[in-house]
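**Student:** Sharing a structure, written as structure tokens. Questions coming.
The values are calculated or read from the model by the stated rules, or taken from the named source; none is laboratory data. All values derive from a computational prediction rather than experimental measurement. For neighbour counting, all protein chains shown are included, and Cβ atoms are generated from backbone atoms with ideal geometry for every residue, glycine included. In case anyone asks, the SASA skips ligands and DNA or RNA and just uses the protein heavy atoms, side chains included. Shrake-Rupley method; radii C 1.70, N 1.55, O 1.52, S 1.80 Å.
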Amino acid sequence: MALRAPLIRACHQPSSTLSFASPTSAWSQHAPQWRRGNATAVPPVPPVTQNATGSKGPTAMVFMNMGGPSTTDEVGDFLSRLFADADLIPLGRLQNYIGPLIARRRTPKIQKQYAEIGGGSPIRKWSEFQAAEMCKILDHTSPETAPHKPYVAFRYANPLTEHMYEQLLQDGFGAGKGGRAVAFTQYPQYSCSTTGSSLNELWKWRNRLEGKRATGEVNPEGAIKWSVIDRWPVHPGLVDAFAKNIEETLATYPEDRRDNVVLLFSAHSLPMSVVNRGDPYPAEVGATVHAVMHRIGMKHPYRLVWQSQVGPQPWLGAQTVDTVESLMKKGQTDIILIPIAFTSDHIETLYELDKEIIGETAEGHEGVKRVESLNGNPVFISALADIAKAHLESGSACSPQMQLRCPGCVSERCLEQKKFFAGQARHL
Ligand SMILES: C=CC1=C(C)c2cc3[nH]c(cc4nc(cc5[nH]c(cc1n2)c(C)c5CCC(=O)O)C(CCC(=O)O)=C4C)c(C)c3C=C
Ligand code: FES
Ligand SMILES: [Fe+2]
């Protein structure tokens, strides 16, 4: 069956030239509502000249994510990097041998999937849009740290972490007194396989590219001062953005069916070995789900289920596709799928949920639907700006939670990375 959902929905779409609607209007329309309860007045936007340098500016805002291949030709390189990542898929001493083999074997299958969702992942376009829009809002709300300069650092696709770092240095960060950069994970819930891996990579390139300064041998004052926004699973703006999307989808059902719609929150699964190591992700995803349900009044039956497991080892369940099948067998065919652990569209939403589950498993059942991903949603982008502003004001280098390793962690990389980022507090 043909792909059901449009690949990029029209409403909050970035243009190819990155010329955007005024961030001021996005901010004043959407940002304050979840912080001000039901008040209707729009708070004044501080009258600052955009890009004026505040006493603590400029500030680099670095959006970290896994990335995805923008074209089918990039799938091979994307998978090679992914299977080379021992923080995601530990293959021991054979990593450099087995990793490329598995990547090569999977490439044709995954290329086909990307071809079917329009030829590539939209994540780069969305990440660049979200970062740029958030920085425009921050220039107004946090003039002291302005101007805020948007950067994107992907783990497995362009722009890679090392390219972002080179760009930072070219742009003058790391000169003079070093300057300030914030690593802002775009995974709302922390997993060592996602945010942890991106931070390990950032720490590695920091040591390589800032060389002797980074180790303190030469002018350590001149090194970039880093801090990390490492998780934001229950931020009220994030919760509100999800809740509004669910309410919009609920409104598409006839009134007499609406209360009985089952809400299925779907997140990328984890291998049980990672769960049992003590990874914080399952609990944090659960926290997001609970907060969203609370926000929409706990009026619907719901479950948190898990998708996209790869390979033969045991993964956290129940699986999304099995749950949809089981519900449909019991006669429940009004189901809303809510991707809850990723903020932009990607292969798991556009291929696995839209094509495989809604288009094939639930073919002919118009009551099985998916909520829109957050993508360019202004409520979401205002939430990002609010999270960043609170972080910049806090003076903390990372959350206290990030400093604690998983009970089962044996990774030297995690140990050193956490020591480094937590230690940055003394510079802020
Ligand atoms: C919160 C999101 C994600 C978690 C947690 C996560 C863990 C995780 N993933 C793998 C293995 C693979 N993931 C792959 C693709 C992929 N993963 C996520 C998100 C999370 N992964 C996304 C959004 C994507 C798709 C990217 C896009 O569409 O742009 C792949 C590659 C695809 C494939 O070969 O099937 C693999 C492999 C593991 C092992 C893991 C936890 C340890
Ligand atoms: S694996 Fe979680 S801290 Fe190292
Ligand atoms: Fe994954």
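**Student:** Pick from the range 208-227 the residues that are under 20 Å from Thr59 (Cα atoms) and open to solvent by 40 Å² or more (accessible area, probe 1.4 Å): which of them is modelled with the highest pLDDT?
**Tutor:** The selected residue is Leu209.
**Student:** Sticking with this structure for a sec: Restricting attention to helices (runs of 4 or more DSSP H) lying wholly within the range 245-364, give those where 3 or more residues are within 16 Å of ligand 1 (Cβ to nearest atom). Walk me through how you get there before you give the answer.
**Tutor:** Working: elements: 255-258, 272-277, 281-295, 320-329.
Passing ranges, in order: 272-277, 281-295.
**Student:** Across the range 376-405, what is the total count of residues that are part of a helix (DSSP H, G or I) and open to solvent by 40 Å² or more (accessible area, probe 1.4 Å)? Explain how you work it out, then say what you get.
**Tutor:** So in the range 376-405, the residues part of a helix (DSSP H, G or I) come out as 378-394, 400-403.
In the following step, the residues that additionally are open to solvent by 40 Å² or more (accessible area, probe 1.4 Å) were identified as 389-390, 393-394, 400-401, 403.
The qualifying residues number 7.
**Student:** Of all residues in the range 80-113, how many are over 21 Å from Ser273 (Cβ atoms) and either within 16 Å of ligand 3 (Cβ to nearest atom) or in contact with a helix residue (DSSP H, G or I) (Cβ under 6 Å, 6 or more places away or on another chain) (or both)?
**Tutor:** 8
**Student:** When the range 406-421 is examined, which residues are found to be away from ligand 1 (no atom under 16 Å from the Cβ) and crowded, with 17+ Cβ neighbours inside 10 Å?
**Tutor:** Residues satisfying the conditions are Gln417, Lys418, Phe420, Phe421.
**Student:** Please verify whether Ile335 is under 23 Å from Thr288 (Cβ atoms), touching a strand residue (DSSP E or B) at 6+ places or on another chain (Cβ under 7 Å) and surrounded by 17 or more Cβ atoms within 10 Å (Cβ to Cβ), treating the condition exactly as stated. Let's see the steps before the verdict.
**Tutor:** On the way: under 23 Å from Thr288 (Cβ atoms): yes; touching a strand residue (DSSP E or B) at 6+ places or on another chain (Cβ under 7 Å): yes; surrounded by 17 or more Cβ atoms within 10 Å (Cβ to Cβ): yes.
Answer is yes for this residue.
**Student:** Pairs needed: first member in the range 406-428, more than 22 Å from Lys177 (Cα to Cα); second member anywhere, open to solvent by 60 Å² or more (accessible area, probe 1.4 Å) and in a loop (DSSP other than H, G, I, E, B); C-beta distance under 6 Å; at least 6 residues apart or different chains.
**Tutor:** Between residues of the range 406-428 that are more than 22 Å from Lys177 (Cα to Cα) and residues that are open to solvent by 60 Å² or more (accessible area, probe 1.4 Å) and in a loop (DSSP other than H, G, I, E, B), the close pairs are Cys414/Arg405.
**Student:** What are the residues in the range 399-428 that are more than 13 Å from ligand 2 (Cβ to nearest atom) and not small (Gly, Ala, Ser), if any? Walk me through how you get there before you give the answer.
**Tutor:** Looking only at the range 399-428, we keep the residues that are more than 13 Å from ligand 2 (Cβ to nearest atom), and these are 399-400, 420, 423-428.
Pro400, Phe420, Gln424, Arg426, His427, Leu428 - these are the residues of the range 399-428 that are more than 13 Å from ligand 2 (Cβ to nearest atom) and not small (Gly, Ala, Ser).
**Student:** A follow-up question, please. Would you mention how many residues in the range 152-182 are away from ligand 1 (no atom under 16 Å from the Cβ), within 24 Å of Ser121 (Cβ to Cβ) and open to solvent by 20 Å² or more (accessible area, probe 1.4 Å)?
**Tutor:** 4
**Student:** Among the residues of the range 183-205, count how many are over 15 Å from Arg405 (Cα atoms), within 15 Å of ligand 1 (Cβ to nearest atom) and open to solvent by less than 10 Å² (accessible area, probe 1.4 Å).
**Tutor:** 5
**Student:** Any residue in the range 236-245 that is modelled with pLDDT of 95 or more, closer than 30 Å to Pro312 by Cα and of a type in the set (Lys, Arg)?
**Tutor:** No, every residue in the range 236-245 fails to be modelled with pLDDT of 95 or more, closer than 30 Å to Pro312 by Cα and of a type in the set (Lys, Arg).
**Student:** From the list Arg277, Arg303, which residue is within 16 Å of ligand 2 (Cβ to nearest atom), under 30 Å from Pro407 (Cα atoms) and open to solvent by 10 Å² or more (accessible area, probe 1.4 Å)?
**Tutor:** Values: Arg303 fails: within 16 Å of ligand 2 (Cβ to nearest atom).
None of the others qualify; the one that does is Arg277.
**Student:** Quick one: Asp230 ticks every box in (1) under 21 Å from Ala86 (Cβ atoms); (2) among the acidic types (Asp, Glu); (3) open to solvent by 10 Å² or more (accessible area, probe 1.4 Å) except a single one, so which number is it?
**Tutor:** The single condition Asp230 does not satisfy is (3).
**Student:** Report every pair of residues separated by at least 6 positions or lying on different chains whose Cβ atoms are under 8 Å apart, first residue within the range 76-88 and open to solvent by 40 Å² or more (accessible area, probe 1.4 Å), second of a type in the set (Gly, Ala, Ser) and within 16 Å of ligand 2 (Cβ to nearest atom).
**Tutor:** Close Cβ pairs (under 8 Å, with a partner that is of a type in the set (Gly, Ala, Ser) and within 16 Å of ligand 2 (Cβ to nearest atom)) amount to Leu88/Ser193; Leu88/Ser197.
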